[in-house]
1. Could you pull out every one of the strands (runs of 3 or more DSSP E) wholly within segment 143-202 that has 2 or more residues that are among the hydroxyl-bearing types (Ser, Thr, Tyr) and either in contact (Cβ under 8 Å) with a residue 12 or more places away in the chain or surrounded by 16 or more Cβ atoms within 10 Å (Cβ to Cβ) (or both)?
2. Quick one: in segment 204-236, of everything that is in a helix (DSSP H, G or I), without any contact (Cβ under 8 Å) to a residue 60 or more places away in the chain and not hydrophobic (A, V, I, L, M, F, W, C), which residue is surrounded by the most Cβ atoms within 10 Å (Cβ to Cβ)?
3. Here is a list of conditions, (1) over 13 Å from Asp169 (Cα atoms); (2) more than 17 Å from the chain's Cα centre (by Cα); (3) hydrophobic (A, V, I, L, M, F, W, C), and Leu203 meets all of them except one; can you say which number that is?
Amino acid sequence: MILERNGIAFRLALLAFLLMFVISTPVSGAQHEYQEQAVVDKEEEPAEEPPEVDLSKSISRISYAMGYKIGDMFQNLKLTIIPDAVLKGMYDARKNIRPALTKAEIKLILRDPKRYMIEDIESVAQKNEVEENLFLQANAKREGVVTLDSGLQYSVMRSGTGKKPKSSDLVKINYKGRTLKGYVFDNTYIKGEPSKLAITSLLPGMAEALLLMQEGAKWEIYLPNALAYGNQGPMAGQALIFEVELLEVMP
């Protein structure tokens, strides 16, 4: 059945589809780890908190529930959205304001949003590669920094005296990971307990460094993109810096 774009049938079908899409996406509330203390890039301003909403009315509760489901869907899919742009698009459509994009552009974008995301990722990756090369070249000249054949760089913050892990071992480690701009994206010290991880499950650069460390050692390691997340994962296309402390080797 072909639906007319401006017809009632089309609008009802579209609304039904959106509701079905929202409702059918499971909320992973139990899986969420709500961060109590946000770590913000020094070069970025903290995101403005949305205003408090009165949820005493049914329409407000429905609106909030749908908004939460949509936000949860994006969170689960690891997609980044610009909330202000989403709200602007909704406002313009609801008030019948001329859209900032042409209808043809909107149709093209929504037909294949992944292509646009890939283009953005590739553009950012190229910029990150330039920054990575400049950083690693300068970092290699710093006193105490060792550069391995793989491209991994490290400096010893504290030497260890215990045993070295094997690739088949589990390790108990503390670590803090940050980007070249200083954004801290993971920190076991804040979480209050170390992580127990299999060497084989770690980022290639992290695994390589740990296999050279002894229990009790603390290093700062510098991972080129290829030894970090590569072009996948939450820190795709970026060189990363970790402070890593090997607490215990667990066979």
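1. Result: 153-158, 170-179.
2. This residue is Gly205.
3. Unmet for Leu203, out of (1) over 13 Å from Asp169 (Cα atoms); (2) more than 17 Å from the chain's Cα centre (by Cα); (3) hydrophobic (A, V, I, L, M, F, W, C): (2).
Read-outs: derived from the displayed coordinates by stated rules, not from any lab. As the structure is a computational prediction, the values presented were derived from the model and not from experiment. As a convention, Cβ positions derive from the backbone with ideal geometry for all residues, glycine included, and neighbour counts pool all protein chains shown.
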